[in-house]
1. Considering only residues that are assigned to a loop (DSSP other than H, G, I, E, B) and of a type in the set (A, V, I, L, M), look in the range 634-663 and name the one that is farthest from Val613 (Cα to Cα).
2. I'm trying to understand the selection: among the residues of the range 308-330, which are in contact (Cβ under 8 Å) with a residue 60 or more places away in the chain and not in a loop (DSSP other than H, G, I, E, B)?
3. If you take the residues of the range 248-268 that are crowded, with 23+ Cβ neighbours inside 10 Å and either under 42 Å from the mean Cα position of the chain (by Cα) or acidic (Asp, Glu) (or both), which of them is farthest from Arg210 (Cα to Cα)?
4. Hey, any hits in the range 370-387 for a residue that's free of Cβ contacts under 8 Å to residues at least 12 places away in the same chain, of a type outside the set (Asp, Glu), within 30 Å of Ile483 (Cβ to Cβ) and surrounded by fewer than 24 Cβ atoms within 10 Å (Cβ to Cβ)?
5. Test Phe504 against the criterion of being in contact (Cβ under 8 Å) with a residue 40 or more places away in the chain, aromatic (Phe, Trp, Tyr) and either more than 26 Å from Val309 (Cα to Cα) or in contact with a Pro (Cβ under 9 Å, 6 or more places away or on another chain) (or both), and give yes or no.
6. If you take the residues of the range 49-66 that are among the acidic types (Asp, Glu) and modelled with pLDDT of 95 or more, which of them is nearest to Phe37 (Cα to Cα)?
7. Provide a single number: the residues in the range 489-546 that are within 25 Å of Leu59 (Cα to Cα), touching a Lys or Arg at 6+ places or on another chain (Cβ under 8 Å) and of a type in the set (A, V, I, L, M, F, W, C).
8. For the range 533-551, how many residues are more than 14 Å from the chain's Cα centre (by Cα) and not in a loop (DSSP other than H, G, I, E, B)?
Amino acid sequence: MTTTPTDSSSSTSRSSGWTIADSASLYGLEAWGQGFFAATERGTLAVRPTQSADRQIDLYEIIRGLNQRGIHAPVLLRFSDLVRQRMSLIRDAFDRAIEASQYKNDYCCVYPIKVNQQRQVCEEIRDIAAELGFGLEVGSKPELLAVLGMTAGEDSKAESLPIVCNGFKDDEYIETVVLAAKLGRNIITVVEQPRELRALIRFAEQYGVRPSIGIRVKPTSTGMGRWATSGGNRPKFGLSATDLLEAMSCLEEHGMLDCLNLLHFHIGSQIHEIRQLSTAVTELAHIYCECKRLGAGLTMIDVGGGLGVDYDGSGSPSDGSMNYGIEEYASSIVHRIKSVCDDAQIEHPQILSESGRAIAAFSSVLVVNVLGATTFDAPARIEDARKLAEESEETPQPIWDLIEAYESLDKPGANIIELFHDAEQARNEAMTLFGMGYVTLPQRATAERVFWAAGHRVLEVAQAQGLSEREELARLPEKLSDIYYVNFSIFQSLPDHWAIDQVFPIAPIHRLAERPTRLAVLADMTCDSDGEIARFSDPGASSSKPRLELHELQSGGDSDHPEPYYLGVFLTGAYQEVLGDLHNLFGDTHAVHVGLDESGRWRIDEVVEGDTVHEVLGYVQYDVDRLRRDMRKQIERAVHAGRLEVAEGHSLLRFYESGLEGYTYLE
């Protein structure tokens with residue numbers, strides 16, 4: 001086992017028979033990339049914000065350019081042009097579905113800012129929304145205040161954006177919405193609980209406002225997968241049929257039934273089965289028509305979120321994928337609502353959706369650098385192992401058994417599976433004897449080297465003999481795989497991988513012209529065993545794979561530091577930035593906004609520097625100035641006592657203060 005990079009000039013040189021197209025297929029760029037990501041002729045990975053090969057941005061070129069500017073990985077790259085393209089695709093899909101179905105109303109997508117609340121992202125989406133006739137959705141009082149401020153100003157387009165208000169609401173939240181309506185904002189309060197309706201009526205009457213009211217209903221239809229409980233009999237939000245009728249009666253008593261303008265439901269995020277959505281939309285449309293028949297002033301139907309993202313590229317009804325596209329999604333919704341309304345002879349409502357994941361996920365790429373690797377294929381010189389065994393009169397039998405198993409692998413007619421089982425048993429016995437004090441440390445090291453060498457030899461012979469698919473050897477590649485240490489925190493940058501086993505596409509952003517010769521898991525920088533990625537997308541397979549094909553690290557000028565090797569983690573724009581935590585006090589990474597100019601050249605629009613140590617310590621209530629003072633005092637005491645020279649104390653204090661102002665990640 002080794003943790004140092006090796007010179008791989010012979011083993012990872014450009015292999016005959018391996019092409020860049022092979023790398024693109026291996027990492028599933030076309031499957032999950034949806035035309036937004038592709039391999040270049042130079043063997044690097046590019047982003048195509050408009051899905052056009054003529055307008056692409058080389059990720060490796062960006063990273064090199066950022067390095068020259070003193071900005072180093074890990075870094076989050078955001079592409080505003082890609083956000084625009086995703087929003088335009090949704091707009092166009094619904095426009096075509098409306099035209100094809102002869103639907104007599106229009107469509108509006110409201111972006112839920114909870115998906116990515118970063119100011120720069122929300123401001124970009126706000127501007128695009130104003131152009132496309134979209135809006136924004138908020139789910140809390142802080143989000144409401146952010147959006148009201150963000151859409152205020154001289155730009156009448158921004159001020160007129162529809163704002164849908166979801167989530168639990170206290171009196172202050174509701175009163176703010178009512179006053180915003182009086183201000184002239186296009187704002188809709190969605191009632192989640194009966195109590196909220198009573199407060200809304202009270203404030204509307206107090207301020208003389210006719211508010212636009214929505215009601216969230218509980219559909220009996222359920223979603224599938226992780227968020228299936230958003231629908232069904234016991235969802236967290238919404239009014240039952242009984243509650244809905246009572247709410248309408250209450251509104252009628254106060255002369256406000258005409259203010260009930262929107263009916264809303266939500267059956268879960270990342271809907272991966274189109275039939276579930278179609279069934280639920282049909283149910284919502286029937287409720288809409290019944291409420292309209294009973295006198296509600298309904299004009300809008302909000303089908304909630306759920307438009308999925310194909311994270312694993314399988315195009316299947318699995319948690320990490322979806323068995324439909326944007327076109328089918330739009331067509332199904334429009335067709336179902338139209339059919340129900342036509343049968344009931346009810347005018348077609350405006351259709352709203354809250355498609356945040358589908359808008360934001362593609363727009364961000366996390367680029368991380370590999371710091372080193374632990375490998376399990378240290379060469380075993382059997383002659384050295386045998387010599388060591390022969391020199392000792394107390395060499396335990398398991399050591400001899402390991403050597404014999406290894407030497408027997410190349411004998412004619414050898415049963416490699418049985419021999420490997422013998423090697424496993426001998427290795428386990430050697431470890432047990434070590435724990436009892438009967439095996440020395442050099443003998444244990446010999447046992448490990450021979451065992452790993454035997455494993456790799458078994459795999460080579462099995463592949464040559466067509467036996468690698470045998471069940472007895474199925475987990476052998478995992479046992480022999482490497483651990484690549486990556487400069488980032490899963491808990492900060494990929495919390496969904498840790499929390500809900502979300503699989504994100506991961507691929508090198510360069511060296512794609514070379515055959516990857518290593519199988520590895522990725523370990524982050526946190527001191528936590530959960531800080532590991534051991535599930536990877538495997539397009540074309542029925543499930544994820546436990547190891548990722550990577551290139552061998554190449555030695556740099558300093559043998560302790562490999563040549564830079566960069567990996568991209570894709571589809572991270574939804575939720576990951578807002579859910580991340582400060583495990584081990586790793587803070588936000590650098591975030592760089594990248595755009596395309598008219599000539600197709602990339603440009604850096606904005607750099608948001610990542611958290612410093614000073615900042616993250618402040619987040620957890622440390623007084624950094626006091627830390628500095630206490631450290632200075634301790635250094636002075638050490639100098640006075642003669643434990644440190646003055647120059648040494650000065651250097652230590654300088655390193656300490658520099659560290660406080662530095663990046664939380666390794667540089």
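1. Checking each candidate, the answer is Ala641.
2. Across the range 308-330, the qualifying residues are Ile326, Glu327, Tyr329, Ala330.
3. Gly268
4. yes
5. Working: in contact (Cβ under 8 Å) with a residue 40 or more places away in the chain: yes; aromatic (Phe, Trp, Tyr): yes; either more than 26 Å from Val309 (Cα to Cα) or in contact with a Pro (Cβ under 9 Å, 6 or more places away or on another chain) (or both): no.
No: the conditions fail for Phe504.
6. Keep residues of the range 49-66 that are among the acidic types (Asp, Glu), which gives 54, 58, 61.
From what is left, the residues that are modelled with pLDDT of 95 or more are 58, 61.
Values: Asp58: 10, Glu61: 15 Å.
Residue satisfying both the conditions and the ranking: Asp58.
7. Counting residues in the range 489-546 that are within 25 Å of Leu59 (Cα to Cα), touching a Lys or Arg at 6+ places or on another chain (Cβ under 8 Å) and of a type in the set (A, V, I, L, M, F, W, C) gives 7.
8. 4
The values are calculated or read from the model by the stated rules, or taken from the named source; none is laboratory data. Since the model is a prediction, treat every value here as computed from it, not as a measurement. In this analysis, Cβ positions are derived from the backbone assuming ideal geometry, glycine residues included, and neighbour counts consider all displayed protein chains.
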